[in-house]
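Each remark here refers to the structure printed beneath this line.
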Amino acid sequence: MDYFLIGTSLAKIAGLLAVVLGIMNYSVYAERRISALIQDRLGPNRVGPAGLLQPIADAFKFLLKEDFTPGHVNKFYYWLAPCLAMIPAIATLAVVPFGSTLFGVPMVIADINVGVLYVFAIASLGVYGIVLAGWSSNSKYPFLGGIRSSSQMISYELSLGLAVIPIFLVAGQLRLTSIVRFQIEHGWMIAPFIGDWTNIGKWLLAVPMLVSFLVFTIAIFAETNRLPFDLPEAETELVGGYHTEYGSMKFGLFFLGEYIAMITGSAIIVTLFLGGWHLPLPSWHGGFHWAVVNGSAPGWRGIIGGIFNIACFFAKVAALLFIFIWVRWSLPRFRYDQLMRLGWVFFFEIALVNIFVVAVIVAYISK
Amino acid sequence: MPPFLFWFFALMTLGFGAGVIINRSPIGSALSLVLSFIGLSTLFLSLNAYFISVIQVLVYAGAVMVLFLFIIMLLDLRAEERRKINVVAFAGGAAVALALFVQVYRIIGALGAARQAFPPLRSGNTDDVRRVGLLLFANYNLPFQIVGVLVLVATIGVIVLSKRELR
Amino acid sequence: MAVTVRRPKLNWSERLYLPAIAGGMAITMRHFKNMLLGRTKVTMQYPEERWDAHMPEYYRGAPALVKDASGRERCVACQLCEFICPPRAIRITAGELPSTDRFAKVEKYPYEFDIDMLRCIYCGMCEEVCPEQAIFLRKDYAITGFTRKEMVHDKEKLLEIGGVMHGLVLKWNEKK
Ligand code: SF4
Ligand code: SF4
């Protein structure tokens with residue numbers, strides 16, 4: 001048995017989980033603060049300095065509330081559903097490279113060669129939690145929420161899957177670490193012209209890549225049930241949607257699972273389109289060029305580089321989370337038929353055409 | 001993969017597979033099938049067939065079974081749960097299943113390949129996505145295209161049928 | 001009568017919705033920025049900042065008993081306020097003044113005087129009905145407590161809130 005591998009993997013899992021759960025808690029706080037600021041309010045600012053301890057208070061509130069199970073529910077599935085909502089979101093993180101290397105250990109938990117497909121496979125399991133919650137609650141609003149959710153997720157998974165195919169066409173890889181490496185060498189996916197400024201083909205490529213990025217991001221919004229696609233839990237129409245009958249920490253799992261899904265989604269977007277942990281820094285070694293900071297340098301410079309990469313990755317994720325929140329408090333919710341039309345008539349077609357455009361560019365123009 | 005993991009997932013696949021038919025509630029059956037698929041995909045994983053394993057989850061557990069669940073949820077399930085077990089039919093079904101099992105067992109046992117150990121897996125990463133793609137689009141391109149057309153026709157057919165129902 | 005609302009015809013740039021979405025996002029971003037820079041007038045931070053100085057003249061806060069300039073409790077336990085109080089928040093137990101008292105001719109005084117602040121609706125009827133100008137609604141509004149008992153103001157507490165009031169009619173004083 002390879003004890004080194006097991007040890008480092010456990011350490012990475014623990015570390016990543018700690019960081020992600022921390023981000024999750026503070027994204028709830030950020031959501032409340034940013035929404036407040038957008039609406040000219042102040043938001044939670046009482047617990048601790050500037051309200052920074054609010055997440056802890058929230059956690060205690062969730063834990064100390066009475067854990068009530070309504071009498072009319074299907075007990076087994078009612079208890080199972082919140083777990084099923086949380087697990088897939090966390091499990092997806094296993095293949096995301098969140099840093100270069102630290103102490104010579106690659107900063108990814110499982111570097112499998114079908115990384116992106118794994119992400120989709122696990123993410124597609126996430127719908128079970130919601131569907132089961134809706135069904136087992138034996139009540140009409142959760143049921144409607146569950147049905148909306150399953151059809152919405154299936155519809156948008158298509159655009160999600162089609163939108164990443166251009167990336168594989170360009171990178172020729174499914175392994176997420178290789179995609180990151182490809183982006184470091186050939187420019188980020190949304191800016192493929194970097195480093196190859198005179199190549200017209202690369203500039204042309206940027207257009208479909210941008211389209212693909214937008215479709216993917218919007219589909220992620222739909223997959224994570226965020227506004228403007230929060231039809232499954234539309235408070236004004238469905239009371240609370242699929243988690244209407246839940247309280248206490250069981251509700252907390254749904255609620256926080258949504259934030260974890262947001263973080264995972266952002267992490268995937270960052271990895272696929274925004275260069276992963278890579279941040280180009282200008283350097284001067286007899287000529288101006290972009291240097292790759294990473295953990296492979298010897299000694300303390302490597303350690304600092306590795307930590308810098310991890311920080312870089314999570315900074316990008318945080319920026320995307322801000323956009324998630326910003327969009328939520330700016331846009332109104334879609335109507336259900338609009339949502340379906342958007343998914344099937346627009347995004348599906350756009351993503352499909354995009355694949356052909358990228359294929360033509362990759363095959364003939366940007367050699 | 002250590003042997004105990006193989007046994008665990010093999011038993012999981014079989015056990016939940018049995019659960020599909022034993023379970024009285026359709027939702028329970030559907031979820032057992034999902035778990036059985038996940039066990040199966042893990043077994044593929046142990047053969048280094050990452051692509052097949054992930055596709056197994058993505059297509060069957062993630063898409064097909066969600067649709068199944070979707071339909072089951074819209075049905076009235078009570079009738080199925082209330083129905084009494086018909087002992088004669090149950091025994092008959094069990095006998096047929098047993099006969100099938102014996103047949104399959106004997107046929108596989110009669111094959112020479114089943115009696116010797118499989119060659120060990122090649123270690124290292126096989127780029128299985130590329131291989132599947134090459135096989136599909138180079139060697140079996142024509143059948144693949146034909147299947148594609150078939151699926152398209154089926155899709156259009158379904159749309160036409162459902163539209164007629166509405167009118 | 002059914003009214004058909006004509007939908008506006010959108011040209012293609014409006015049908016794309018993206019400019020409108022960008023516009024909306026810009027608006028929320030502007031609000032966010034102005035708040036961050038402290039340019040927007042914001043929520044008052046209640047326990048630290050208060051609006052007390054701006055309270056209107058007619059504000060009705062907690063009801064309280066007052067003493068007059070000579071230090072006499074003005075209430076004569078006539079119980080009119082107890083009867084008029086719509087939610088029955090007031091409970092008075094009257095007592096007899098001893099004959100040695102300077103104001104013995106008043107005869108009655110409130111031995112106990114409780115107002116249940118959980119019931120009081122701050123209507124001001126007690127103040128209006130009182131023939132003795134003994135009960136007034138003051139400007140105290142932060143009436144809080146941890147128990148129900150704490151929320152019942154007894155006579156002592158009521159007198160403490162009310163304090164001494166000047167310029168009242170002193171009809172029980174001796175003729176000069
Ligand atoms: S203000 Fe109204 S409710 Fe309150 S004690 Fe006086 S009469 Fe009763
Ligand atoms: S407060 Fe006024 S109305 Fe009430 S009992 Fe005393 S004198 Fe009478």
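The values are calculated or read from the model by the stated rules, or taken from the named source; none is laboratory data. What you see is a predicted model; the values in this text were computed from it and never measured. All Cβ positions, glycine included, derive from the backbone under ideal geometry; neighbour counts span all protein chains shown. Side chains are part of the model used for accessible areas, which takes the heavy atoms of the whole protein and leaves out ligands, DNA and RNA. Shrake-Rupley method; radii C 1.70, N 1.55, O 1.52, S 1.80 Å.
Worth pointing out:
- Computed over the alpha-carbon atoms, segment A:47-97 gives an Rg to Rh ratio of 1.14, Rh here being the Kirkwood radius from the mean inverse distance.
- Dividing the convex hull volume of the alpha carbon atoms of segment A:65-365 by its residue count gives 138 Å³ per residue.
- Pairwise Cα distances in chain C exceed 22 Å in 62 percent of cases.
- Relative to the compact-globule estimate of 2.2 N^0.38 Å, the Cα radius of gyration of segment B:3-124 comes out at 1.31.
- Once the mean of 1/r is taken over each pair of separate Cα atoms and inverted, segment B:127-167 shows a Kirkwood hydrodynamic radius of 12.1 Å.
- Most fluctuating residue given options B:Asn139, B:Asn48, B:Asn23, as computed from a GNM of chain B linking Cα atoms under 10 Å: B:Asn139
- Anchor C:Lys41: aspartates and glutamates whose Cα lies under 17 Å away (excluding residues fewer than 8 positions away in-chain): A:Asp40, C:Glu49
- Each listed q (0.11, 0.16, 0.17, 0.23 Å⁻¹) maps to a log10 I(q)/I(0) for segment A:1-126, found by the Debye formula over equal Cα scatterers with no solvent: -0.62, -1.05, -1.09, -1.24.
- Highest-fluctuation residue, A:Ala89, A:Ala171, A:Ala351 considered, GNM on chain A with Cα pairs under 10 Å: A:Ala171
- 18 Å Cα-Cα reach of A:Lys140 towards lysines, excluding residues that sit fewer than 8 places from it in its own chain: A:Lys75
- With 10 Å bins from 0: P(r) over segment A:84-142, alpha-carbon pairs, percent: 22, 35, 23, 13, 6, 1
- Relative contact order (percent, whole number), chain C, Cα cutoff 8 Å, 6+ residue spacing: 25 percent
- Within the full protein context, the accessible area of B:Val87 is estimated at about 110 Å² for a probe radius of 1.4 Å.
- Distribution of pairwise C-alpha distances over segment A:114-259, 5 Å bins, in %: 2, 9, 16, 18, 14, 11, 9, 8, 6, 4, 2, 1, 0
- With eigenvalues of the C-alpha gyration tensor scaled by 5 and rooted, segment A:183-265, Å: 40, 14, 5
- Counts of other chain beta carbons within 10 angstrom of each beta carbon in peptide A:119-131 average 5.
- Here the sum of -39500 (n - 2.57) over DSSP H runs of 4 or more residues, divided by the residues of chain A, equals -21500 deg cm²/dmol at 222 nm, to the nearest 500.
- Neighbouring Cβ atoms from other chains, within 10 Å of the Cβ of residues in A:173-182, number 1 on average.
- Fraction of accessible area attributable to carbon and sulfur, chain A (%, probe 1.4 Å): 73 percent
- Cleavage-rule hits (trypsin sites (Lys or Arg not before Pro)) in segment C:35-112: DSSP loop, at most 13 neighbouring Cβ within 10 angstrom: C:Arg39, C:Lys41, C:Arg50, C:Arg88, C:Arg102
- With pairing defined as another cysteine C-beta under 4.7 Å, the cysteines of chain C that fail it are C:Cys75, C:Cys78, C:Cys85, C:Cys120, C:Cys123, C:Cys130.
- Averaged over A:328-334, number of beta-carbon atoms from partner chains that fall within 10 Å: 3
- Note on chain A: GNM, Cα springs under 10 Å; of A:His72, A:His278, A:His243, the largest mean-square fluctuation is that of A:His72.
- Summed buried accessible surface, chains A and C, 1.4 Å probe, nearest 100 Å²: 1400 Å²
- √(5λ) per eigenvalue of the Cα gyration tensor, segment A:210-249, largest first, Å: 27, 11, 5
- Folded to 0 to 90 degrees: helix A:115-136 orientation relative to chain A principal axis, Cα: 10 degrees
- Total accessible area lost when B and A pair, probe 1.4 Å, Å² to nearest 100: 2200 Å²
- Model label points for C:Arg119 and A:Tyr364, set 7 angstrom from Cα along the Cα-to-Cβ axis, are 9.0 nm apart.
- q = 0.10, 0.13, 0.21, 0.24 Å⁻¹, segment C:56-153: log10 I(q)/I(0) [Debye, one scatterer per Cα]: -0.28, -0.47, -1.10, -1.33
- Reported value for segment C:22-80: 192 Å³ per residue, from the convex hull of its C-alpha atoms.
- The relative contact order of chain B comes to 17 percent, based on Cα pairs under 8 Å that sit 6 or more residues apart.
- Taken over segment C:54-172, lysine pairs spaced eight or more positions apart, or on distinct chains, with alpha carbons under 25 Å apart number 17.
- Proximal aspartates and glutamates relative to A:Lys61, as straight alpha-carbon distance under 19 Å, when same-chain residues fewer than 8 apart are discounted: A:Glu31, A:Glu245, A:Glu258
- In terms of overall dimensions, the C-alpha atoms belonging to the protein assembly as shown reach 129, 87, 71 Å along their principal axes, ordered largest to smallest.
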